[in-house]
1. Taking every pair of Cα atoms in region 270-315, average 1/r, invert it to obtain the Kirkwood radius, and report Rg/Rh to two decimals.
2. Semi-axes, largest first, in whole Å: what does sqrt of 5 times each Cα gyration tensor eigenvalue give for region 27-137?
3. Among (i) 61, 44, 36; (ii) 75, 44, 39; (iii) 66, 47, 35, which one is Cα extents along the principal axes in Å computed from these coordinates?
4. Under 18 Å Cα to Cα from residue 261, which aspartates and glutamates show up? Leave out anything in the same chain fewer than 8 places away.
5. With charges set only on the Cβ (+1 for Lys and Arg, -1 for Asp and Glu), what does the dipole of region 174-315 come to about its Cα centre, in debye to the nearest 20?
6. Over the chain, what is the percentage of antiparallel beta bridges among all DSSP beta bridges, to the nearest 5?
7. More than 24 angstrom separation, counting every C-alpha pair in region 77-172; what % is that?
8. Apply the Kirkwood formula to region 174-315: the hydrodynamic radius equals the inverse of the mean of 1/r over all pairs of different alpha-carbon atoms; give it in Å with one decimal.
Amino acid sequence: MTARAELLRYERVVSDGAPARLDSWLAGQPELADCGLSRSRLQALTNEGQVTVNGQQARPAQRVRRGDVIVVNVPPARPPVNLIPQDIAISIVHEDADIAVVDKPAGLPVHPGPGHPDNTLVNALLARCPDICGVGGELRPGIVHRLDLDTSGLLVVAKNQLAHQRLTAQMQNRTALKEYTAVAVGAVAPESGAIDAPIGRHPYHRQRMAVVADGRAARTHYRTVASPSGHSVLAVTLETGRTHQIRVHLAHRRCPLLGDKVYGRASDLLERQFLHAARLGFHHPATGRWNEYHAPLPPELERTLDALRQLPRNG
């Protein structure tokens, strides 16, 4: 057994006596954690038949007991499927051996998907940082969190498995800071507060999200920093990270994002929604020190703010 992220086989006899779920037991093994294997990754390996208990294929929820022999086989990382490096200009705010912080422009997809098989941030990163191949998965190498296609701003990319595991844990444990600058149509009331409403798939429009009773818990904090001409300029922080969360929550308050064609309506002032990931903070996965980054508004959003300030207040 190696002590690096390239661990290929782990074998251990359970020494404690209390029964435990297999996935919980595996997640508590420091050797596996040190190799960047998160609980979700270990669950996936178990479902793929790569984990055995006493020589028998295991299930994540089964109980393990003292004396059980646990074997984990980790297939070597393979190059991402159908992903090719592409020379796409991206703005790197910070880069070191473990992470890269990117200021993503609007219109650049984070990873390949339906309608955009290439020319994504992942393709650009593979050209700049080829070692991210397979980090965190084959289809989205290095990606810890995402931004919508037409949202600009900061995101952090992991350059090795251990960094990916530790950054992902911070996102899941809600210890990372993600603050957005947004402009909503109308006056958000009250001027500051939290929107606490569960989000899930829209019951009729399956490509959209919505506030639904059986959705996943979602909480958005906001404060109004300016109110130009019938709009609200907001500083928004996310306590959870659901798909389209800010867009859905503001539309639920009947104050959709300016220019949001899905949850609001198109705007003559802007070709995309006014949403920018302006601040990003997290503990560095290698040093543990708190790092915080800022990204100014891109020119098209600055121009839009200027235009709003010049409109009559009842406009």
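1. Details: Rg = 16.4 Å, Rh = 13.2 Å.
Using Cα coordinates only, the ratio equals 1.24.
2. So the equivalent ellipsoid measures 36, 16, 11 Å along its semi-axes.
3. (ii)
4. 148, 150, 271, 300
5. Numbers: 20 positive and 12 negative charges, 83 e Å.
Once rounded to the nearest 20, the dipole reads 400 debye.
6. Working: 58 of 60 bridges.
So the antiparallel bridges in the chain amount to around 95 percent.
7. Values: 474 of 4560 pairs.
Above the 24 Å cut-off, region 77-172 has 10 percent of its Cα pairs.
8. On the way: mean 1/r = 0.0629 Å⁻¹.
Evaluated on region 174-315, it is 15.9 Å.
Here, each number is a calculation from the coordinates, and none is a lab measurement. All figures in this text were calculated on a predicted structure; none of them were measured in a lab. Cβ: placed from backbone, ideal geometry, glycine included. Neighbour counts: every protein chain shown.
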